[in-house]
Amino acid sequence: MVGIIMGSLSDRKVMQEAATILTELGVSWEMDIVSAHRTPEKMVDYAKTARARGLRVIIAGAGGAAHLPGMVASMTILPVIGVPVKSSNSIDGWDSVLSILQMPGGVPVATMALDGARNAGILAAQIVGTFDDEVARKLTDFKESLKEKVADMSRELLNNG
């Protein structure tokens, strides 16, 4: 239901966080390497066939010039969530953040924080949860668990002064 793509295998460590949270929330996903610069034909095919293949959201991670999320968004009506990846060829990650964030009008990409694939997975699940009641229930439980964690931390702080 969610496609997770990245420009290089070196991005996998970051992008795996999206897959992990999607699995926890019961959302199916697929993962592949799709480079905007080295395999543009594959990128075009992936974007143009995604909806017909059953995908409902695409998470695209990229470092450096980070064209992958925007180029994919230009070729599909599916929501695209961009994850800027701090890679060896990036300028401390800022080039990736700005490349994904500064999209032209009409081609939106939801942009996560640098290396923010976990939040990308949660956002993708929230999109899926708008039409899947089971995913919505799991998200409700997940959000409740976040509140419980904060309450536990507060109690710990108060008790250990």
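Here, each number is a calculation from the coordinates, and none is a lab measurement. Computed from a predicted model, the values in this text were never measured in an experiment. Cβ placement follows ideal geometry from the backbone for every residue including glycine, while neighbour counts extend to all protein chains displayed.
Among the residues of the range 1-56, those that are under 14 Å from the mean Cα position of the chain (by Cα), buried (at least 16 other Cβ atoms within 10 Å of the Cβ) and among the small types (Gly, Ala, Ser) comprise GLY3, GLY7, ALA18, ALA19.
Okay, residues lined up against (1) touching a strand residue (DSSP E or B) at 6+ places or on another chain (Cβ under 9 Å); (2) of a type in the set (Phe, Trp, Tyr); (3) closer than 25 Å to THR20 by Cβ; (4) free of Cβ contacts under 8 Å to residues at least 60 places away in the same chain:
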site: GLY64; (1), (2), (3), (4): no, no, yes, yes
site: MET71; (1), (2), (3), (4): yes, no, no, yes
site: MET75; (1), (2), (3), (4): no, no, no, yes
site: SER87; (1), (2), (3), (4): yes, no, yes, no
site: GLU134; (1), (2), (3), (4): no, no, yes, no
site: LYS138; (1), (2), (3), (4): no, no, yes, no
site: ALA151; (1), (2), (3), (4): no, no, yes, yes
site: ASN159; (1), (2), (3), (4): no, no, no, yes
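Annotation: of all residues in the range 85-104 being within 7 Å of GLY63 (Cβ to Cβ) and within 17 Å of the chain's Cα centre (by Cα), the one that is surrounded by the fewest Cβ atoms within 10 Å (Cβ to Cβ) is LYS86. Do we find that SER154 is over 11 Å from the mean Cα position of the chain (by Cα), closer than 23 Å to VAL2 by Cβ and of a type in the set (Ser, Thr, Tyr) in this structure? When the stated conditions are applied, SER154 does not pass them.
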